[in-house]
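The structure under discussion appears below in the form of structure tokens.
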Amino acid sequence: MQGSSELRAKLATACRLLYMEGLMDHAGLAGARIPETGNLLLNPREMRGTPGRHPGIMAGDDLVVVDPDGRKVEGRNNPPSETPIFTGVFRARPDVMAVFHLHLPTATLFSVVGKPILPIGVMGSPFGGAVPVCPDGTLIQRPEQGDGVARSLGKSLAVILQGHGAVIVGASVEEAFIASVLLEDNAVRQYRAAMIGTPQGMAREELDRAREQVWNPKVIAKMWTYYLLKGQSAGVVPAAARKTNPRRKAAKPQRKR
Ligand SMILES: [Zn+2]
């Protein structure tokens, strides 16, 4: 099977956690590049609401493997209809190892009214000055549309698909997951701020400093661990085996007779 069991488990866990956070439901897709082959691991069509199956119970072997052009290579399930999002973005961005496409409820609203999502606080700083918008408001089902999404994304961490959802990328599954959570969180805060005044984005210099502070592997790992533990407490992901005290585990030396 292509894709290490670790990568498969991580992507499946990310789906479960996005489900827990209300960011992935019958819509919403997740994909990772398989480093060994360059093929893509995607959550399949069948895991979004067929009897007994949905993203909240995703497992590593539910995932489907496609080649860089979106043709199925392996798996008992089928690639999603919006596979061109993944083939387009992964082709255009060699630095990206994970891509999520989510119908983020609040972040998407901003494109409907033509207002930019601004970095309104420290945790919104990873997205830079304003989140780009892809003008194609239909489902992304043809290769040229996927290329269009990649063009709108450019070098950014995320792009909003007009009135539809968002595409979020990362150098790892953990990074794309955390970016997804932060993008929606920033949009919710900006929306609330707009109820009581005019939201102001962070100024350039401050924004760069804040980004350095929060968008690094250490902070991303901390946030991923938080959501993983939250998922375990909620029973959304299997509880990790309890770590035993290594000193206690060490066998007593046997006395020679
Ligand atoms: Zn969609």
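Could you tell me which of GLY146, ALA158, TYR19 has its Cα farthest along the dipole of the stretch 5-240 towards the positive end, charges placed at Cβ (Lys, Arg +1; Asp, Glu -1), taken about the Cα centre? Among GLY146, ALA158, TYR19, the one farthest towards the positive end of the dipole of the stretch 5-240 is TYR19. Rounded to the nearest 20 debye, the dipole size of the chain about its Cα centre is 1820 debye, using +1 on the Cβ of Lys and Arg and -1 on the Cβ of Asp and Glu.
Residue separation times 0.36 nm, minus the C-alpha to C-alpha distance between GLU74 and GLU36: what's the value? Kindly include the intermediate steps, with their values, before the conclusion.
Values: separation 38, 0.36 × 38 = 13.68 nm, distance 1.47 nm.
Between GLU74 and GLU36, full extension yields 12.2 nm more.
Toward the positive end of the charge dipole of the stretch 1-78, with +1 on the Cβ of Lys and Arg and -1 on the Cβ of Asp and Glu, the farthest Cα among GLY52, VAL64, SER5 is that of GLY52.
Per the helix-only calculation at 222 nm, which mean residue ellipticity applies to the chain, given -39500 (n - 2.57) for every DSSP H run of n ≥ 4 and division by its residues, nearest 500 deg cm²/dmol?
-12500 deg cm²/dmol
With 31 Å as the limit, the listed pairs LYS155/LYS222; LYS72/LYS222; LYS72/LYS155; LYS115/LYS230; LYS10/LYS72 have LYS72/LYS222; LYS115/LYS230 beyond it between alpha carbons.
Going from the residue with the fewest nearby Cβ atoms within 10 Å to the one with the most, ILE220, ILE160 rank ILE220, ILE160.
With a cut-off of at most 13 other beta carbons within 10 Å, and DSSP calling the residue loop, which trypsin sites (Lys or Arg not before Pro) in the stretch 70-174 qualify? Please list them. Counting only loop positions with at most 13 other Cβ atoms within 10 Å, the trypsin sites (Lys or Arg not before Pro) in the stretch 70-174 are ARG71, ARG76, LYS155. Within the chain, the whole DSSP H helices whose Cα atoms reach 20 Å or more along their own axis and whose mean Kyte-Doolittle score is at least 0.0 are 5-20, 173-196. Fraction of C-alpha pairs exceeding 32 angstrom in the stretch 5-240: 15 percent, rounded to a whole number. Ranked for footprinting exposure by Cβ neighbours inside 10 Å, fewest first, THR87, THR198, THR108, THR138 give THR198, THR138, THR108, THR87.
Name all residues of the stretch 107-128 having a backbone nitrogen under 16 Å from the label point set 7 Å from the Cα of ALA203 along its Cα→Cβ direction, giving them as ranges. Backbone N within reach: 119-122.
In percent, rounded to a whole number, the relative contact order of the chain is 19, using alpha-carbon pairs under 8 Å and six or more apart. Computed from the alpha carbon positions, the gyration tensor of the stretch 84-157 leads to an equivalent ellipsoid with semi-axes of 21, 16, 10 Å, biggest first.
Taken together, the values in this text are just the output of simple stated rules run on the coordinates, not laboratory data. No experiment lies behind these values; they were computed from the predicted model shown. We place every Cβ from the backbone using ideal geometry, glycine too, and count neighbours over all the protein chains shown.
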